[in-house]
Amino acid sequence: MTTKPELKLGSHLIPGLAAVGLFVVMAAAFLTSAFPQPQGFGDVNITASIGYAMFNLGFGQVPGESFLVAFIVMAITLDVALDGALHLAKHEGDEGQAETVLLADGGRKIKRALFDDGEGED
């Protein structure tokens with residue numbers, strides 16, 4: 001005999017109710033807020049000004065802060081992430097030579113090594 005599903009009430013529903021309450025508060029705040037008319041920057045080249053500000057050059061038509069330190073820190077961080085990904089993708093083989101772990105053969109080599117059933121052959 002099949003029983004119909006029952007709703008379990010309890011304290012495990014509190015996070016969901018809190019999320020719904022937060023959504024209602026945020027929706028009310030966004031729907032009732034008033035924004036001024038957009039003003040823009042006029043007839044200045046904003047793209048060039050951002051580029052000049054990034055490298056701390058004072059040639060831009062719109063004044064801005066220097067982003068040179070943030071640019072260098074971001075470049076170093078991305079370089080370290082790329083180096084780490086390459087380091088994780090390689091390991092020492094049996095003869096001490098670096099061997100690439102990530103294969104572009106659709107996993108056939110790994111399947112042959114694990115299962116040795118011949119289905120992974122080319």
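Points to keep in mind about this one:
- Complete set of residues in region 36-47 that are closer than 11 Å to GLN61 by Cβ and either assigned to a loop (DSSP other than H, G, I, E, B) or in contact with a strand residue (DSSP E or B) (Cβ under 6 Å, 6 or more places away or on another chain) (or both): PHE41, GLY42, ASP43, VAL44, ASN45
- Note on region 18-35: residues that are in a loop (DSSP other than H, G, I, E, B) and under 26 Å from the mean Cα position of the chain (by Cα) total 0.
- Matching option when the condition is at pLDDT 65 or above and either part of a loop (DSSP other than H, G, I, E, B) or of a type in the set (S, T, N, Q) (or both), among GLY96, GLY64: GLY64
The values are calculated or read from the model by the stated rules, or taken from the named source; none is laboratory data. Remember, predicted model here, so these are calculated numbers, not experimental data. When we count neighbours, we look across all protein chains shown, and the Cβ atoms used for this are built from the backbone with ideal geometry, even at glycine.
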